[in-house]
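This structure is in structure tokens; I'll ask about it shortly.
The values are calculated or read from the model by the stated rules, or taken from the named source; none is laboratory data. Just so it is clear, the model here is predicted, and its values are computed rather than measured. A quick note on method: Cβ atoms are made from the backbone with ideal geometry, for glycine too, and the neighbour counts reach across all protein chains shown. All accessible areas refer to the heavy atoms of the entire protein, side chains included, with ligands and DNA or RNA removed. Shrake-Rupley method; radii C 1.70, N 1.55, O 1.52, S 1.80 Å.
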Amino acid sequence: MNFDEFLKEKEKIEKLSIEEQKKFYEQLLKNKHDKTELYVYASFYYGHLFYQNGNFGKVIEIMEPIVMDYQSYPYTPKILSCFNLIGVAAHCEAEYSISRFFYKIALKIAKENSAKFYYAFEYNNIALTYIAEQNYTEAIRNLEFAEDVLKDCDEEMGAYIYINKSISLQKLNRLTEALQAYEIGINQYHADKIVPDDAIRCAATLYYRLGKMDKYKEYKQQILLKIRDMHAAEFMDACKELFECGMDSDDDELMTTILRSMDWYIEKYTNEIKVGLVFSELKYEYAVKKSDKDAVLDALEKKNDYKDRIIKHSIEKRLKSLEQHIEINSQISDLELDALTGFRNRKAYYKDINMIEQDTKMNMRPVGIVFADVNGLKKINDSLGHEAGDKLIASVANTITEIFPEARRYRFGGDEFVILSFDKNEAAFNEKRKRLEASWKDGYSASIGTIWKEHAIDFEKSVAAADEMMYMDKSSYYEKKRHDRRSYTYIDTEESLKKVETVAELLPGGFFVYHADEEEQIITFNRELLRIFKCQNKEEFIELTGNSFKGMVHPDDLKIVECDISSQITQEKDIERVQYRIVCKDGTVKTVLDYGRFVHTEMYGDVYYVFIDDISIK
């Protein structure tokens, strides 16, 4: 079925029952790999059927695969509708921050596609999440953004914006402004016809707060007459608003009506457990006010039941989300492309080399193999986060593409790449290799190993050999980095050392400097270090430790500590942090935390500066 046929068929099935409509869409959505506009439309209308029935969890389940993988679909305004539908479903589930997340992504997509018509719509939706969270100042800020872009939108959008603005201003007790916003919504944008349920709800609470009770009663009655015909979101808002008025005015008749309406809703939509929790909390609040012990106990029992169901639902939802995530990754894998770099993936690599080696024409061609490994990725991930790490990987990949645009490029692992470059001769390949080595910039680079083959065979052995050469290049890289780091600190005279010792005596913890060689002899230390080791003077400390770092560390911990320090230096950490035990002068054992820095000095060569803290007393 093509898209035009779908639209015609959709008009026909709207006359059928809800269940028959669902079956129609289920058939269309069987092919999960169908990344078409038709699939987006079918998903939206299928999800909307469940929204109309108040099954918000099912809406989220249907919409999640679309919004999580939206970039794989052609842009259509219906993509925005999908984000808005899952947003309102999350809103009805009282997941307001998640709802806002979807609306903000929808706004981002609209801006990327210059779809100005939708800007006001998304700002208004974002404001609704802040209203639900009772953050009315932020709600008004977003509604003002919506007002600024209203000129680019359908004029009817003004009805939503000004009614929501009036509701927010009421909550801040800015009643004059709230009345002005309400009147603009009614008189200029015809809110009473476009959003009648929201308009009468706004009017009822506004006139109640203004003390105009005749008008309040008029609009209250209108709400009660149609409350059970309202859509889910409007129904919930109407119940909560009238509940607030009833509690404030001690209107027991109104409270009874609202509580019965809540019971009716929960009986009709038994799966809406978060809505049930909200309503049970309102019931509890009213029972406490009326000092009705039985009602309080009943409300508490229902609250606990809903909370237990929510926990169970959250686990089920998490499992479903994981299944969908695995499914999406499986689809990406099937495409044999790496989403971050655009390179082909490991699966594609093995498929390609198998094809090349079996093709008599291909395997007779010469090929240059590059094995590349991104430098410093772990440090970036640890210090700046994985988003920054992804940017580093992407930068390296872009540079490889610039140098080897015609080559077969593969992302072999997290930070590893394999490039197969079918060049005319070795000289042409080496020229590219040199250009790649010269292309690295401050902030990103990769270690590389290369092999030239006269015939494209035995790829496994060749890639392994290139990997070995890359490892040698990586070792040279880190050795150079370590040497560069040692140029920061200089103690070039006896006077400089005395200054260091003077400052060290003012420090609250232990401090010492020792040679970064096999003997690890201590150069200087402060008095606080003596106290930590329970030594009366320097002579006792030197006798206890042999005046070496080796002698300071508990014998059972020494090997692990030295390996840990060496490992951290290799990882380019500016400060090495290790924990170990020491044996004091009186034989007691303490645990200390050691913060060290590896530096080069003119006077002593390579040394460690160390700050030490006794954590056994904390």
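If each Cα of segment 141-189 is one equal point scatterer, what is log10 of I(q)/I(0) from the Debye formula at q = 0.27, 0.29 Å⁻¹?
Here log10 of I(q) over I(0) equals -0.98, -1.07.
To the nearest 10 square angstrom, what accessible area does Phe121 show with a 1.4 Å probe?
For Phe121, the solvent-accessible surface is approximately 70 Å².
With a 1.4 Å probe and every protein chain kept in, tell me what percent of the accessible surface of the chain is carbon plus sulfur.
The computed percentage sits at 50.
Give me the distance in nm between label points sitting 7 Å out from Cα along the Cα-to-Cβ direction at Asp305 and Asp154, one decimal.
4.1 nm
Let me ask something else about it. Report the FRET efficiency, 1/(1 + (r/R0)^6), for Lys8 and Asp382, where r is their Cβ-Cβ distance and R0 is 60 Å, rounded to 0.05.
For Lys8 and Asp382, the calculated efficiency is 0.60.
Can you tell me the mean projection area, over all orientations, of the convex hull of the chain's alpha carbons? Units nm², please.
Dividing the Cα hull surface by four gives the mean projection, 42.5 nm².
Applying the Karplus parametrisation 6.51 cos²θ - 1.76 cosθ + 1.60 with θ = phi - 60° to the phi angles of segment 43-60, what ³J(HN,Hα) value in whole Hz is obtained for each residue in order, glycine and proline being reported as x?
Per residue, the Karplus-derived 3J(HN,Hα) values read 5, 4, 5, 5, x, 5, 4, 6, 4, 4, 8, x, 8, 6, x, 5, 4, 4 Hz.
Between helix 119-132 and the chain, what is the angle of the helix's C-alpha long axis to the longest principal axis, kept within 0 to 90° and rounded to the nearest 10?
Once rounded, the angle reads 90 degrees.
Here is a further query. Among Lys361/Lys461; Lys193/Lys217; Lys212/Lys293; Lys104/Lys171; Lys193/Lys220; Lys240/Lys290, which pairs are too far apart, with a Cα-Cα distance over 26 Å?
Going by Cα-Cα distance, Lys212/Lys293 fall outside the 26 Å limit.
Could I ask something else about it? Provide the percentage of antiparallel DSSP beta bridges, counting only those with both residues in the chain; round to the nearest 5.
Antiparallel: roughly 95 percent of the beta bridges in the chain.
Further question on the same structure: Under a plain spin-label model, where a point goes 7 Å from the Cα along Cα-to-Cβ, how far apart in nm are Leu224 and Gln188?
Roughly 3.5 nm, to one decimal.
Which pairs, out of Lys424/Lys474; Lys268/Lys303; Lys30/Lys268, put more than 21 Å between their alpha-carbon atoms?
Lys424/Lys474; Lys30/Lys268
A further question follows. By how many degrees, between 0 and 90 and to the nearest 10, does the Cα long axis of helix 77-92 differ from the longest principal axis of the chain?
80 degrees
With a 1.4 Å probe and all protein chains kept in place, how do Asp415, Asp298 rank by accessible area, largest first?
So the residues, ranked largest to smallest area, are Asp298, Asp415.
Then there's this: Return the loop-located trypsin sites (Lys or Arg not before Pro) in segment 343-390 (DSSP other than H, G, I, E, B) with at most 10 other Cβ atoms within 10 Å of their own Cβ; answer none if there are none.
Those satisfying the criteria are Lys361.
Could I ask something else about it? Taking each pair of different alpha-carbon atoms in segment 171-315 once, compute 1/r for the pair, average those values, and report the inverse of that mean as the Kirkwood hydrodynamic radius in Å to one decimal.
About 16.4 Å for segment 171-315.
If you fit an axis through the alpha-carbon atoms of helix 273-289 and take the longest principal axis of the Cα set of the chain, what angle between them do you get, 0 to 90°, nearest 10?
Long axis of 273-289 versus the principal axis of the chain: about 70 degrees.
Could you sort the peptides 174-186, 65-77 by per-residue average Cβ neighbour count (10 Å cutoff), highest mean leading?
Averaged packing, sorted descending, gives the order 174-186, 65-77.
Solvent-accessible area of Phe611, probe 1.4 Å, all protein chains present, reported in Å² to the nearest ten, please.
100 Å²
Taking a probe of 1.4 angstrom, what is the accessible area of Ser566 in Å², to the nearest 10?
The accessible area of Ser566 comes to roughly 60 Å².
For segment 576-605, which trypsin sites (Lys or Arg not before Pro) pass both filters: DSSP loop (anything but H, G, I, E, B) and at most 16 other C-beta atoms within 10 Å?
Sites meeting the loop and neighbour criteria: Lys585.
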